[in-house]
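Read-outs throughout are calculated quantities, based only on the coordinates presented, and are distinct from any laboratory measurement. Note that the coordinates shown come from a computational prediction; the quantities given were computed from them, not determined experimentally. Please note: Cβ atoms are built from the backbone with ideal geometry, for glycine as well, and neighbour counts cover all protein chains shown.
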Amino acid sequence: MTAVPQGKESLLEAYRAFCAPGAVEELERLATSLAGRSVLHLYSHGFGDDRTRMVHRLGSIMASLGIYPRWDVLVGTEEFFEAVRTLREGLLGRVGVVSPRIMQAYQDCLRGNAGRIYLEADYVLVHDFQPFGLVEWRGKDSKWIWRCHHDLSHAAPALRRFCLNYIRRYDAAVFSHPKFTHKVPVPLSVIAPSIDPLHERNHQLSPVQIERILTRLGIPQDRPIVLVVLRESAARQSASLLDALQALGKRLPLRLVVARAGISEIEGGLPLEEIRRRVGDRAGVHLLNLSSESHRELNALGRAAHVCVHTLHEGGLEVSVLEDLWRGKPVIAGPRIGRVIPVVHGKTGFVARSVTESVLCTERVLKDSELARRVGEGAHELIRERYLITRHVRDYLMLFRRLTETGR
């Protein structure tokens, strides 16, 4: 699928209200020497999650600048997807050994996809590890970039060696943060994720719109709302956090909203039945099982919340944390998030090292509305300055220009 550039002025102008003065002009200047070039994005699946949604939007903006994006996905057997799940666990440090059978299934599927996908483009962005072995079939004239969205700093040694066999064939590697990787044998670029202020997940909603959505979801606004959005969180930490927040609800008037958004059981999230068992039908506790497409609902929940609490999970840099900060609400997250997002404790958010600290921060915010307001304003400004999609586009344009001018 190729996006045809159209509506350049209207699309870029729409972002002008959000970004710093001169940002749009800088994008136009950087794109001048890249006009007419093509970018191929390779994924293991479609466009249902945060990362693929964001990359698709990046492609639309680049198309408006005269750069032509394409997207393609892997087609594989159940054995292949079992293999990539195992590889994923190993690269995140949860599995130490991957069997030769798994490796063979992975490589066999890549070989079949290499014959199916048209791999020629000026720049080929391979997202995460599922399709990254396709670099074996790269053309001579393309620049290949491995874009890893995960934190691989704890990858099992055997998996690191397996990856290096492929990585050294790339022209560049991109991670979300320097701490997310070990040393790689190709030029490394750090490009943090971003939020799209025009997406329905992030655009402003009126109080009436928020009330209508919450009414449809069955959530009254008669008490302060504490929002917990569960994604690929560690089950034990999710469970203990929910227990602790429910205990807080016995001391303070609040509504605990637990939104389980777009998690499949195989991703390691807390199973739905386990969440139901823990929260039950208790007064003031609301469990929502939302799809990955429930953008307006998540937006309304985030804007109605008095505080957003994120589980202390490991993984990549979650876009959902950036989105909650953008909505101008106090966000409480774990120390890993505090290391990769420059959150200043008590000024632009809260960094909690344990479930107990998360609950203490939640209680502090609920009792001090002026603190909540100041922190929310600081959070919104942090995202506006450093994590908008216009900065994201600029980073990729600069990488493309460097690869074109220097080769690496």
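Each residue of the stretch 286-297 in turn: what ³J(HN,Hα) in whole Hz from Karplus with 6.51, -1.76, 1.60 and θ = phi - 60°, glycine and Pro shown as x?
Residue by residue, the stretch 286-297 yields 10, 9, 10, 9, 9, 7, 5, 9, 7, 5, 5, 5 Hz.
Considering amide H positions built from the backbone, and no H for Pro or chain starts, which residues 5 or more places from LEU74, or on another chain, come under 5 Å of its amide H?
Amide H neighbours of LEU74: TYR43, SER44, HIS45.
Hey, can you rank 125-134, 238-247 by average C-beta count inside 10 Å, highest first?
Per-residue mean Cβ counts within 10 Å order the peptides as 125-134, 238-247.
Apply 1/(1 + (r/R0)^6) to the Cβ-Cβ distance of VAL75 and ARG282, taking R0 = 56 Å, and write down the FRET efficiency to the nearest 0.05.
It comes to 0.80.
222 nm [θ] for the chain, helices only, -39500 (n - 2.57) per DSSP H run of 4+, per residue, to 500?
Computed mean residue ellipticity for the chain: -14000 deg cm²/dmol.
How much length is gained on full extension from GLU25 to ALA247, taking 0.36 nm per residue of separation minus their Cα-Cα distance?
74.7 nm
Just rank GLU318, GLU13, fewest to most, by other beta-carbon atoms within 10 angstrom.
With the fewest neighbours first, GLU318, GLU13 line up as GLU13, GLU318.
Relative to the present Cα-Cα distance, how much length would full extension add between SER153 and ARG94 at 0.36 nm per residue of separation?
20.1 nm
Among (i) 1.15; (ii) 1.07; (iii) 1.01, only one was calculated for this model; which label is it, if the read-out is Cα Rg over 2.2 N^0.38 Å?
(iii)
Among DSSP beta bridges lying fully in the chain, give the percent that are antiparallel, nearest 5.
Counting only bridges with both partners in the chain, antiparallel ones make up about 0 percent.
Can you check what the net charge comes to around GLU26, using other residues whose Cβ is under 11 Å from the Cβ of GLU26 (Lys, Arg +1; Asp, Glu -1)?
+1
So if we plug the beta-carbon distance of VAL190 and VAL344 into 1/(1 + (r/R0)^6) with R0 = 22 Å, what FRET efficiency do we get, rounded to 0.05?
0.60
Pairs of alpha-carbon atoms within less than 8 angstrom and 6+ residues apart define the contacts here; what relative contact order does the chain have, in percent?
Over the chain, the number comes to 16 percent.
Taking the alpha carbon gyration tensor of the stretch 104-147, what are the square roots of 5 times its eigenvalues, largest first, to the nearest whole Å?
Over the Cα atoms of the stretch 104-147, the ellipsoid semi-axes are 17, 12, 7 Å.
Sticking with the crude label model, points 7 Å out along Cα→Cβ, report the distance from ALA35 to GLU377 in nm, one decimal please.
Inter-label distance under the simple model: 4.3 nm.
Rank by packing, highest mean first: peptides 161-168, 64-71, with packing defined as the count of other Cβ atoms within 10 Å averaged across residues.
The peptides rank, most packed first, as 64-71, 161-168.
Report, by chain and number, residues whose modeled amide H sits under 5 Å from the one on ASP128, excluding near sequence neighbours (fewer than 5 apart, same chain).
Sorted by chain and number, the residues that satisfy this are ARG147, CYS148, HIS149.
Starting with the highest mean, order 373-380, 212-219, 223-230 by the number of other Cβ atoms within 10 Å, averaged over the residues of each peptide.
223-230, 373-380, 212-219
Explain nothing, just the number: dipole magnitude of the chain about its Cα centre with +1 on each Lys and Arg Cβ and -1 on each Asp and Glu Cβ, in debye rounded to the nearest 20.
Dipole about the Cα centre, nearest 20: 740 debye.
Evaluate the distance, in nm, between pseudo-label points positioned 7 Å from the Cα of GLU385 and of THR404 along their respective Cα→Cβ axes.
Output for this residue pair reads 3.2 nm.
Rounding to the nearest 10 and keeping the result within 0 to 90°, find how far the Cα-based axis of helix 369-386 lies from the longest principal axis of the chain.
10 degrees
Let's test the formula: R0 of 22 Å, r as the Cβ-Cβ distance of VAL208 and GLU293. What FRET efficiency results, to the nearest 0.05?
Working from the Cβ atoms, E equals 0.45.
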